[in-house]
Amino acid sequence: MGKKTDKISSSTPSVNNENTRTGTTVDAIKQAILDNLHCIQGRVPELASRNDWYMAVAFSVRDRMLDNFIRSIKRLSEPRIKIASYLSAEFLMGPHLGNNLLCLGITDQVREAVKELGQDLDDLLEQEEEPGLGNGGLGRLAACYMDSLASLNVPAIGYGIRYEFGIFDQEIRDGWQTEKTDKWLRLGNPWEICRPEIAYTVNFGGLTEQYQDDKGRLQVRWIPYRVVKGIAYDTPVSAYRDDTVNLLRLWKSEAIESFDFQAFNVGDYYKSVDQKIISETVSKVLYPNDEPEIGKILRLSQQYFFVSCSLQDMINIQRLRGKSLDTFHESFAVQLNDTHPSIAVAELMRLLVDEHLMDWDKAWTITQRTMAYTNHTLLPEALEKWPLPLFSRSLPRHTEIIFEINRRFLDEVRERFPNDDGRVSRLSIIDETGEKYVRMAHLAAVGSHHINGVAALHSDLLTKTVLKDLYDMFPGRFTNVTNGVTPRRWVALSNPGLASLITRTIGDKWIKHFEDEIHKIEPFVKDRGFRQEWSKIKRGNKERLAALIKERTGIEIDPDSLFDVQVKRIHEYKRQHLNVLHIITLYNRIKKAPRKDIVPRTFIFGGKAAPGYFMAKLIIKLINSVAEVVNNDPDVAGRLKVAFFPDFNVKNGHHVYPAADLSEQISTAGKEASGTGNMKFSMNGALTIGTLDGANVEIREEVGAENFFLFGLTAEEVLDLKTKGYAPRKFYESNAELREAIDQIRSGHFSKGNSDLFAPLVDNLLNHDPFLLLADYQSYIDCQDRVSTAYRDQDRWARMSILNVACMGKFSSDRSIQEYCDNIWKTKPLKKR
Ligand code: NBG
């Protein structure tokens, strides 16, 4: 068994392969599992539950990561190494077990060991509850980047929050989304190591006062109203078949004992318990995004909490290195994943100036040389701003610091652009146009050396729209890093059939060097046998997804039909309802000509709506309502099916991307910053139907226009149409098929005659249609007709599918991370030993 992978690390000293902690033979692993079942779960095999077995296996795998984990952590304190600190309020890591087995190269041995113990590895993989510590693309990007940082041997720490409850679980009841609390820690988390001794205190509220230090200088101290403690929980993130095991450090909030409330409330035991609860609330729950208007104080507390712990931790590492804070920026490159951690700019200033008594100018230089900011959205309403009164109540000292940063910054603005008060007011970190707000993107941009968007089009639009004034002020800071996804999880792990075909064809280097290797499958597009095998694998994946959908929804789907898939957060700009208009159009066409020869399709949707986003929830209801009518109409049987796959998450994604024929990337041009699902689909051989938006533009460039189904207005045309005055009703009136579809939704055709149900949606489309569904409708329908025609020629489709995968090299997150290292962080991979 596994001769080549008997050892995890060639450099592990004197590893005995039979050692139950590190050995990788089937026997050693079997013994390890039994030992862990006994010593950690406290169970005998006869009484062990599936979770007991899962835990025992997980601990056995974790044991095999620890040598390299400890060694990698130790290296972090070496003085000359620059650490990439990725600050993110979200890390959507997905299930760990399968990925760690893949990285360690011990899947086969563990499968065999588990089998000899009477268990099935796939059942145990299914048992793992994924940590859903993110909303969608942004959190998953952070996870892909952690994967690539490790595989590229870049010393890195991911810093975030250990939410007790992650993103809610979605259930569909009567076609509506309902939310259930995500109790992911309920059965234990074998991957994390709690480090109670790595803890920092974080202040909230209260007031500030000035004092003279012993050198007679004026200083400020912050007298907080509340103090909480952040405790580190560390999760190892392994390189693929390599020694680096990086650190994901998530903070949990706890009450501190030393803050003596008893002194104030003598004998008031219950009150002190209340305080404990309030402190623990900080890391309790992940906020779903896309909520209309948030100004939640707890959210700001979360952001400040994890940022403060993380920066204090970096300062502590710097101290352990025996280095001065003057060179902090040479030791750490801090990346702000969106504005959520942007309070880091003010917090690093506070730590340097107030706590370490550094002078302002020096501290500012260090801060600016440390921070870099990634923007992830073009939606103006999604740019974070905090009401000033709320902000200053929680963070009085930071308010003062931000005012001072702003004062100096606006002086610079006035110098660069004299007599331009409009510009000064637009650029100010404090929005004073009405009620006062702190503009977090401005704080991040002012305090950073680089600002990047996440796809070429997005980075370009940033400088022309939402961040235009900042661009005019700091043109040299702006750059682009197009997103990427990890081919380890998203192909090697989730699509083993395809991975094995690729490896048999071009060897296995593609898994580690995707960008350089994957194009080598291109010549095989001419090989008939290869194409047939390719299609067979897709067909197998579709069968498995069909079985899963049947199990989860009761809906039966045909693996021979075209799988047309849209999985992503539900949002009006992503236009799931445009997809629905296409379904209704096809339905009507068949109803009118029942014998018409159409390409059978299965429409698969998945995605969560923010609990407070009414329109998104109504779109889910619409999908399910249309599904009910279509799926039960004998006239379209065998030709159209619609399924909403509930609770789309990383784990479900493993099954969905590999089974798709068509990937729906149909956002209004200029709205989707990048998209990353688009990359996952393409890497798994789905063809894309999409607009020129986000990374679609670059995907199309790579795969060639002839292998991409393009439709719709461009970002420029969208802007143009809006400036000229867009009248959606005109499109409705002049297009019979569109009108019929909209009238049916309105009249209650899909809602048992209830004409009120979808009225808000229809009214919005007819009177406002901010995302231009009606303007793009005909172009979309025509394009979908081209898709159907192409799918009829299965051999041609297979060629296009192969070319899509062959051209995906650019979209490996390894390429993205290499760009961050070279252009922004100036960090280098550790030299191989
Ligand atoms: C999202 C964008 C996506 C993008 C991901 C990752 C936020 C705020 N933004 O288009 O909508 O792919 O970030 O960059 O979640």
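Can you report the number of residues in segment 380-404 which are open to solvent by 10 Å² or more (accessible area, probe 1.4 Å) and assigned to a loop (DSSP other than H, G, I, E, B)?
Count: 2.
Right, residue 600: free of Cβ contacts under 8 Å to residues at least 24 places away in the same chain and of a type outside the set (D, E, K, R) or not?
Considered against the rule, which asks whether it is free of Cβ contacts under 8 Å to residues at least 24 places away in the same chain and of a type outside the set (D, E, K, R), residue 600 comes out as no.
Right, residue 303: within 16 Å of the ligand (Cβ to nearest atom), within 22 Å of residue 72 (Cβ to Cβ) and within 21 Å of the chain's Cα centre (by Cα) or not?
no
Any idea which of (1) open to solvent by less than 20 Å² (accessible area, probe 1.4 Å); (2) out of contact with any His (no Cβ under 7 Å at 6 or more places or on another chain); (3) not in a helix (DSSP H, G or I) is the one residue 590 doesn't satisfy?
Against the list (1) open to solvent by less than 20 Å² (accessible area, probe 1.4 Å); (2) out of contact with any His (no Cβ under 7 Å at 6 or more places or on another chain); (3) not in a helix (DSSP H, G or I), residue 590 comes up short only on (3).
Which condition does residue 806 not pass, out of (1) within 30 Å of residue 503 (Cβ to Cβ); (2) open to solvent by 50 Å² or more (accessible area, probe 1.4 Å); (3) in contact with a His (Cβ under 8 Å, 6 or more places away or on another chain), if it passes all the others?
Every condition holds for residue 806 apart from (2).
Applying the selection to segment 340-357, what residues are touching a Leu at 6+ places or on another chain (Cβ under 7 Å) and either within 15 Å of the ligand (Cβ to nearest atom) or open to solvent by 20 Å² or more (accessible area, probe 1.4 Å) (or both)?
341, 342, 356
Looking only at segment 468-485, count every residue that is in a helix (DSSP H, G or I) and among the small types (Gly, Ala, Ser) and tell me the total.
1
Of the conditions (1) more than 22 Å from the chain's Cα centre (by Cα); (2) within 16 Å of the ligand (Cβ to nearest atom); (3) surrounded by fewer than 21 Cβ atoms within 10 Å (Cβ to Cβ), residue 433 fails just one. Which one is it?
It fails just one condition, (2).
Can you tell me how many residues within segment 666-679 are more than 9 Å from the ligand (Cβ to nearest atom) and open to solvent by 10 Å² or more (accessible area, probe 1.4 Å)?
Within segment 666-679, residues that are more than 9 Å from the ligand (Cβ to nearest atom) and open to solvent by 10 Å² or more (accessible area, probe 1.4 Å) number 1.
Of the conditions (1) over 27 Å from residue 24 (Cα atoms); (2) away from the ligand (no atom under 16 Å from the Cβ); (3) crowded, with 24+ Cβ neighbours inside 10 Å, residue 170 fails just one. Which one is it?
All conditions are met except number (3).
Mind listing just one residue for me: the one in segment 694-709 that is over 22 Å from residue 137 (Cα atoms) and of a type in the set (A, V, I, L, M) and, of those, nearest to the chain's Cα centre (by Cα)?
703
Between 694, 670, which is more than 28 Å from residue 500 (Cβ to Cβ) and out of contact with any strand residue (DSSP E or B) (no Cβ under 9 Å at 6 or more places or on another chain)?
Result of the check over 694, 670: 670.
Tally time: how many residues in segment 99-142 are open to solvent by 10 Å² or more (accessible area, probe 1.4 Å) and either at pLDDT below 95 or acidic (Asp, Glu) (or both)?
9
Quick one: residue 637 ticks every box in (1) more than 16 Å from the ligand (Cβ to nearest atom); (2) in contact (Cβ under 8 Å) with a residue 12 or more places away in the chain; (3) surrounded by fewer than 24 Cβ atoms within 10 Å (Cβ to Cβ) except a single one, so which number is it?
Checking residue 637 against (1) more than 16 Å from the ligand (Cβ to nearest atom); (2) in contact (Cβ under 8 Å) with a residue 12 or more places away in the chain; (3) surrounded by fewer than 24 Cβ atoms within 10 Å (Cβ to Cβ), the one that fails is (2).
Name the pairs whose Cβ atoms lie under 6 Å apart, with the first residue in segment 687-703 and under 16 Å from residue 717 (Cα atoms) and within 16 Å of the ligand (Cβ to nearest atom), the second among the β-branched types (Val, Ile, Thr) and open to solvent by 10 Å² or more (accessible area, probe 1.4 Å), and 6 or more positions between them or separate chains?
The qualifying pairs are 692/714.
Listed here are the residues, each with its yes/no results for (1) under 24 Å from residue 681 (Cα atoms); (2) open to solvent by 10 Å² or more (accessible area, probe 1.4 Å).
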residue	(1), (2)
763	no, yes
785	yes, yes
793	yes, yes
797	yes, yes
801	yes, no
818	yes, yes
824	no, no
829	no, yes
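Looking at segment 767-777, which of its residues are open to solvent by less than 70 Å² (accessible area, probe 1.4 Å) and farther than 23 Å from residue 600 by Cβ?
Residues satisfying the conditions are 769, 770, 771, 772, 773, 774, 775, 776.
The values are calculated or read from the model by the stated rules, or taken from the named source; none is laboratory data. Every value quoted in this text rests on a predicted model; they were computed, and no experiment measured them. Please note: Cβ atoms are built from the backbone with ideal geometry, for glycine as well, and neighbour counts cover all protein chains shown. These area figures cover heavy atoms from the full protein model, side chains too; ligands, DNA and RNA do not enter into them. Shrake-Rupley method; radii C 1.70, N 1.55, O 1.52, S 1.80 Å.
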